[in-house]
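The structure under discussion appears below in the form of structure tokens.
FYI, it's all coordinate maths here, none of it is from the lab. Keep in mind it's a predicted model, so treat the numbers as computed, not measured. Note that each Cβ is placed from the backbone with ideal geometry, even for glycine, and that neighbours are counted across all protein chains shown.
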Amino acid sequence: MRKSRALASAGAAVAVLGLAAPVAVAEGDQIPGSSNIVVLPSVIARGGQLASTVDGCPHGGHATSDAFPRTELRPIHEGGDTAKGIATVDFDARAGSYDITVHCSGRSLTRPAAFTVLGGVRGGLGGSTDGATPVDIAIGSGLVTAAVTAGGVFWMRRRAEKQI
């Protein structure tokens, strides 16, 4: 009974926090009539291609981010006032979240944390790039020393029992 109450309380707390979370506000001047920047996929590997779609940008413009070079946005004719562009993420982009800023009709709109770049693994190195740190070596050495000592004590006690 207590577990179900705890789960219900936790669920209610998560729901309240989710509803009370502040809405991210775009930085900079708003593009007149612009309401939406959509970036797909939202999680991408280095070197991948992102499709950016912007509502309220009938004449096109350009998109910028720290993860890719300036990319042109071209109007989509069947979409009315929508523009679209495809950007290639830099191969040397660091893993993490990136903002995207759209410039259209002399104004700009920023969508914070629009997409996330995944970190790569260097094959052949077992996923390790730096090797063991001095702290890792000290911890490993301590564990090996403790195991050898415990084994020695166990062996000595067992040997003493046989002599009795």
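Quick look at the values:
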{"quantity": "The stretch 42-116, dipole about Cα centre (Lys/Arg Cβ +1, Asp/Glu Cβ -1), debye to the nearest 20", "calculated": "60 debye"}
{"quantity": "Label point distance in nm, residue 51-residue 132, each placed 7 Å from Cα along Cα→Cβ", "calculated": "4.9 nm"}
{"quantity": "Neighbour net charge for residue 93 - beta-carbon separation under 10 angstrom, K R +1, D E -1", "calculated": "-1"}
{"quantity": "The stretch 46-98 - Rg over Rh from alpha carbon coordinates, Kirkwood radius", "calculated": "1.04"}
{"quantity": "Residues residue 141 and residue 92, FRET efficiency given R0 of 45 Å [Cβ-Cβ distance, rounded to 0.05]", "calculated": "0.80"}
{"quantity": "Label-to-label distance, nm, for residues given as residue 153 and residue 116 (7 Å Cα→Cβ offset)", "calculated": "4.5 nm"}
